[in-house]
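What follows is a single structure, written as structure tokens, with notes after it.
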Amino acid sequence: MPISYARSLTGHERTPGANRHLGVALAFVAGAINAGGFLAVREYTSHMTGIVSSAADHLVLGDTDLVLAALGALLSFLLGAACTAILVNYIRRRGLHSGFALPLLLEAVLLLVFGILGARLAGIDAFFIPLTVMLLCFMMGLQNAVMTKVSHAEIRTTHMTGIVTDIGIELGKMAYWNADGPLRQPKVTANLGRLMLMLSLLGAFFLGGVVGALGFKHLGYLSTVPLAAFLCVLAIVPVVDDAVRVLGRRDA
């Protein structure tokens, strides 16, 4: 990956094209982590809808431990998103450019932690499963907040409900019969660019899920290493740029 392209993906200066490419890449990562994580702990962690619903179900059924586990997962996702906001604003206010890259680099480190924890603690279900779910939810909160901020909430990568909804809306527009009524109205037309983006995100998430499931099935927790390396490739250039910038200021 050329350095200039990597810099454009996660750097401070944003373009619609860079947002689209980063969104597809992160949708792939989210799909892989979600599917691999499910095989590890039997819990999907990239979206909060099911977790909030399970908290309500278990509350009614009186399963206090499971309610607390669900609330812990929800809190972890929330803290991950908050951590991204803190990092982005901290870096921005110091005139640096790696605010969007640092959360992804942190996600890569935590993904390796997940792999190490899994290899060593997988046999201790009572301890390992809740901790792993919270860790994965924290990572997904980090990532979702990054993409939300860079795209001004136009692109999401960790859950597909809104994306499938948008695909349905654009397909509905495409199928609409623009017959003139009593009042002449502007034609209803689909936004083909947005439709292709949403299809790309959905396809990347699905492909990531397949790769993540296959990787965990055949490699176990070692499958986290290539995913972490991929995140590092996406994030490392702006971080190195800022490190050089900070060292230059100290030497001046």
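The values are calculated or read from the model by the stated rules, or taken from the named source; none is laboratory data. Keep in mind that this is a model prediction, so the values were computed, not measured. Here the Cβ is made from the backbone with ideal geometry for all residues, glycine too, and neighbour counts use every protein chain on show. The accessibility values were calculated without ligands, DNA or RNA, using every heavy atom of the protein model including side chains. Shrake-Rupley method; radii C 1.70, N 1.55, O 1.52, S 1.80 Å.
Points worth noting:
- Proportion of all alpha-carbon pairs of region 138-185 beyond 11 Å (%): 73 percent
- Dividing the helix sum by the residues of the chain, where each DSSP H run of 4 or more adds -39500 (n - 2.57), gives a mean residue ellipticity at 222 nm of -27000 deg cm²/dmol.
- Surface analysis of the chain yields an accessible area of 53 Å² per residue, using protein heavy atoms and a 1.4 Å probe.
- Annotation: lysines with alpha-carbon distance below 17 angstrom to Lys187 (same-chain offsets under eight excluded): Lys173.
- Tensor-based shape of region 139-252 (alpha-carbon gyration tensor, a/c under 1.5 rounded, otherwise prolate or oblate): oblate
- Normalised by the number of residues in region 74-203, the mean separation of alpha-carbon contacts (under 8 Å, six or more apart) gives a relative contact order of 26 percent.
- Relative contact order (%) - region 58-140, alpha-carbon pairs under 8 angstrom, separation at least six: 40 percent
- Inter-centroid distance (Cα atoms) of region 151-227 relative to region 64-108, Å: 24 Å
- Counted charge near Val67, where neighbours are those whose Cβ lies closer than 15 Å (Asp, Glu -1; Lys, Arg +1): -4
- At least 15 Å along the helix axis (C-alpha) and Kyte average at least 1.0, DSSP helices within the chain: 16-41, 49-61, 64-92, 101-121, 125-150, 192-219, 224-251
- Cα centre as origin, Lys/Arg/Asp/Glu Cβ charges: region 91-172 dipole, Debye: 460 debye
- Each Cα pair under 8 Å and six or more residues apart adds its separation to the average, and for the chain the resulting relative contact order is 35 percent.
- Accessible surface of the chain [probe 1.4 Å, protein heavy atoms]: carbon and sulfur percent: 68 percent
- Cβ-based net charge around Glu154, under 13 Å, with every Lys or Arg adding one and every Asp or Glu removing one: +4
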